[in-house]
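Have a look at the structure below before the remarks.
The values are calculated or read from the model by the stated rules, or taken from the named source; none is laboratory data. Just so we're clear, the structure is a prediction, and the values are computed from it rather than from any experiment. In this analysis, Cβ positions are derived from the backbone assuming ideal geometry, glycine residues included, and neighbour counts consider all displayed protein chains.
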Amino acid sequence: MEFPFDLSPVLGDRVCVVDQHLRPAGRPGAAYRGDLEQRLRTVIDELGRASAKAQGLPAPVTSAARMETNRHVLYILRGEGRGTPKSAVIGFIKVGYKKLFLLDRSGAHIEAEPLCVLDFYIHESLQRHGYGLELFQHMLQSERVEPRRLAVDRPSEKLLAFLRKHYGLADAIPQVNNFVIFEGFFSNRPAPPRRPPPKRQEEEIKPYSLSDREFLREDQEPPWPFNLTPGRAGGSPVRGSLRPFLLRRDAPDGRTEGRTEGRTDPPLQRRARSGLNFYSRFLFWGWGQLTFLNWCLYPPTSTAPSRRAGH
Ligand code: ACO
C-alpha cells in the first residue's frame, strides 16, 4: 500500500509501534506533531479500511480515532527495500488486553485478561511471502507473550491457517463469545493476584460474577422495626438456600432454637417473645425496687397502728 509521502519520518523503524497517543514509540512529542501526526492518521485510517475490505467487514475496526479511545497497540510494517518501495506499508497487526470470560476444556468459566489479536492485515500483493510471520514474531517478542496465551478476535480462515502453520495452534477450545483460544491457553497459567477489584470494573462483569460479598450483603437485616414489612416475617429478602439456616439455629446442646414440640416459630414471633421477656423482667425489677423503698419508708411496725387508728 503506497502513500504519496516518505514514510521514514512518519513511521521510523521498519516495524513502527503506535499506542493511543498516536506517536511512534521512541519519538519525542515536540518533534512529532503537525504534518507527521496527520500523515500517521492517514496511514492508520487507510490500513484499517483495507483490512476491513479484505475481511468483508462493513466498517473498519481500526482507525486513528478508535486508537485514541482504546488502549490498543498497533505494529505497522513498512517497506524498506526487499522489493517494496520506501513509501509503502506492508501491513499491520493490532493487539490489546481484554477482560474475557472464557471456558476451559471442562466448560468451567474462567475470568482472564489475555492479550488479544484484534486486527491483522498484510497487503494482498504481499501475502504468503512471510511478512505476516515477521510482523507476528515482532509483536510476540515485544509483548513478551507466547502464541498459545493469545486470544484471537473472530479469526478469518487465512489467520487460522497462519496460526496452524507457524505455531501449531490447531485445537481451539470452544467459547460462547467471538474469541478463539487454543489448547495450552490455560496450562500452567499463574493464578491471578488476589486483590479487591475496583468497584466500576466489578459492575461491568456483574452478570457472571455475583460474588460472596454481594450474596452476604443481600442478607444483612436492617434494625428493628424497619425489618417489619407487612406480610413478611423477618426483614431482608432471604434466598431459598439461606432461609433454613436462618430459621433453624442449632443451640450448643444440640437443641434447635425456634422449634418447640415440632412447631417452628416464624422469626417475627420469636423476636416478639424475646422482647416480652425483656420488658417483663424490667417491670418485675422496677416493682421490686418500689416495694423495697416502700418497706424502708413505712416499715410494717409503724404502719399497723396508724391503720388501726383509722378504724
Ligand atoms: N489462504 C489460506 N491460507 C493463507 C492464505 C490464504 N489466502 N494467506 C496466508 N495463509 C496462511 C497459510 O497458512 C500460509 O501458509 P502457506 O502459504 O504455506 O499455505 C501462511 O498463512 C503464510 O504465512 P505468511 O506469509 O507469514 O502470512 P501472510 O503474510 O500472508 O499474513 C494474514 C497472514 C495476515 C492472515 C494475511 O493472509 C491477510 O492479511 N489476510 C487477509 C486479512 C485477514 O484475513 N486477516 C485476519 C483477520 S482476523 C483478525 O485480524 C483477528
* **Checklist (1) at pLDDT below 95; (2) in contact with a His (Cβ under 9 Å, 6 or more places away or on another chain) applied to Ile122, failing item** => (1)
* To do: Say whether the condition of being crowded, with 16+ Cβ neighbours inside 10 Å, within 14 Å of the ligand (Cβ to nearest atom), under 16 Å from Leu74 (Cα atoms) and under 34 Å from the mean Cα position of the chain (by Cα) is met by at least one residue in segment 51-59.
  => yes
* strands (runs of 3 or more DSSP E) (entirely within segment 88-130) containing at least 2 residues that are among the β-branched types (Val, Ile, Thr) -> 89-97, 115-122
* Asked: Which ones in segment 155-169 are of a type outside the set (Gly, Ala, Ser) and not in a helix (DSSP H, G or I)?
  -> Pro155, Leu169
* Of all residues in segment 87-103, count the ones that are surrounded by 13 or more Cβ atoms within 10 Å (Cβ to Cβ) and either charged (D, E, K, R) or farther than 21 Å from Phe162 by Cβ (or both). => 9
* To do: Scan segment 116-145 and report the pairs whose first residue is farther than 17 Å from Tyr97 by Cβ and free of Cβ contacts under 8 Å to residues at least 60 places away in the same chain and whose second residue is small (Gly, Ala, Ser) and in a helix (DSSP H, G or I), with Cβ atoms within less than 6 Å and a gap of 6+ or a chain change.
  => Ile122/Gly132
* Failed item in (1) part of a strand (DSSP E or B); (2) at pLDDT below 85, with Tyr75 passing the rest -> (2)
* Asked: Failed condition for Leu135, given (1) more than 9 Å from the ligand (Cβ to nearest atom); (2) assigned to a helix (DSSP H, G or I), with all others met?
  -> (1)
* Inside segment 104-132, can you point out the residues that are basic (Lys, Arg) and either more than 7 Å from the ligand (Cβ to nearest atom) or touching a Gly at 6+ places or on another chain (Cβ under 8 Å) (or both)? -> Arg105
* To do: Could you grab me the full set of residues in segment 94-138 that are within 13 Å of Leu74 (Cα to Cα) and more than 26 Å from the chain's Cα centre (by Cα)?
  => Phe120, Tyr121, Leu135, Phe136, His138
* Quick one: Leu22 ticks every box in (1) over 18 Å from Gly132 (Cα atoms); (2) in a strand (DSSP E or B) except a single one, so which number is it? => (2)
* Asked: Between a first residue in segment 49-70 that is under 9 Å from Gln20 (Cα atoms) and in contact (Cβ under 8 Å) with a residue 40 or more places away in the chain and a second residue that is in a loop (DSSP other than H, G, I, E, B) and of a type in the set (A, V, I, L, M), which pairs have beta carbons less than 8 Å apart while being 6 or more apart in sequence or on different chains?
  -> Ala64/Leu22; Met67/Leu22; Glu68/Leu22
